[in-house]
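So the structure is just underneath, and the comments pick up after that.
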Amino acid sequence: MIVRKCAGGIVFHRNKVFILKNDKGHWVLPKGKIRNGSLAVETALNHVRIEGGVEGEVISTAGETSYEFYSLSRKQPVYNFITWYIMESHSEGFEFNKDLGFLDGGFFPIEEAMDKITHNQDKSLVNLSYKKYLDMINMEDIEEVYV
């Protein structure tokens, strides 16, 4: 079995989250394999930028997920362990990377994104991350007013 450590981002812009439609027609979050001794956070930021053309800023950790699949090309199981980061983008600008096989993407209102996202694990991650994001944004507003 191949074990891969990966990292990804859940990127919010106000009440919207960034998702991508991959070459299998699945709506997913941007993520990728951690390579060459890179840090997980660097990998997450890079894949958000490379896969979606989004400039995100990490505001918190989101947690970890994992899944296993069988790779037809490698003829063996692959286990992906993903570290996730909550990110914020200051604009809705994006450009999904067609060269990497992405067919569509963008910032979608949370409810619409939840309907689109293919995997339940990703839906749960977005739901929990959005709640945390809102709590953090509210805390920042309070701090700005009282500091």
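From the list Glu64, Glu42, the one residue that fits, being acidic (Asp, Glu) and not in a strand (DSSP E or B), is Glu42.
Per-residue answers, yes or no, for (1) within 20 Å of Ser129 (Cβ to Cβ); (2) modelled with pLDDT of 95 or more; (3) of a type in the set (Gly, Ala, Ser):
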| site | (1), (2), (3) |
| --- | --- |
| Glu42 | yes, yes, no |
| Ile50 | no, yes, no |
| Gly53 | no, yes, yes |
| Phe69 | no, no, no |
| Arg74 | no, no, no |
| Val78 | no, no, no |
| Met87 | yes, yes, no |
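Scanning the stretch 72-89 for residues that are touching a residue at least 40 places away in the same chain (Cβ under 8 Å), in a loop (DSSP other than H, G, I, E, B) and loosely packed, with under 15 Cβ neighbours inside 10 Å gives a single hit, Arg74. One residue alone among Asp104, Asp115, Asp99 is within 19 Å of Asn127 (Cα to Cα) and not basic (Lys, Arg), and that residue is Asp115. Taken as a whole, the condition of being surrounded by 16 or more Cβ atoms within 10 Å (Cβ to Cβ) and among the charged types (D, E, K, R) applies to Glu51. Scanning the stretch 104-128 for residues that are closer than 17 Å to Ser91 by Cα and part of a strand (DSSP E or B) turns up Gly105, Gly106, Phe107, Phe108, Pro109. Restricting attention to the stretch 1-25, which residues are within 10 Å of the chain's Cα centre (by Cα) and part of a loop (DSSP other than H, G, I, E, B)? Within the stretch 1-25, none qualify. Considering Phe94, Phe69, Phe102, the condition of being out of contact with any Asp or Glu (no Cβ under 8 Å at 6 or more places or on another chain), buried (at least 18 other Cβ atoms within 10 Å of the Cβ) and closer than 21 Å to Lys24 by Cα is satisfied by Phe94 alone.
Considering every residue within the stretch 28-36, establish whether at least one is in a strand (DSSP E or B) and within 22 Å of Glu112 (Cβ to Cβ). Yes, there is a match, as at least one residue in the stretch 28-36 is in a strand (DSSP E or B) and within 22 Å of Glu112 (Cβ to Cβ). If a residue has to be of a type outside the set (Gly, Ala, Ser) and either assigned to a helix (DSSP H, G or I) or more than 21 Å from Ala7 (Cα to Cα) (or both) to count, how many in the stretch 91-102 make the cut? Count: 4.
Beta carbons closer than 6 Å, at least 6 apart along the sequence or on distinct chains, pair a first residue in the stretch 35-57 that is hydrophobic (A, V, I, L, M, F, W, C) with a second that is in a helix (DSSP H, G or I) for Val54/Val48.
The values are calculated or read from the model by the stated rules, or taken from the named source; none is laboratory data. Source: prediction; values computed, not measured. Don't worry about glycine lacking a Cβ; one is built from the backbone with ideal geometry, like all the others, and counts go over all protein chains shown.
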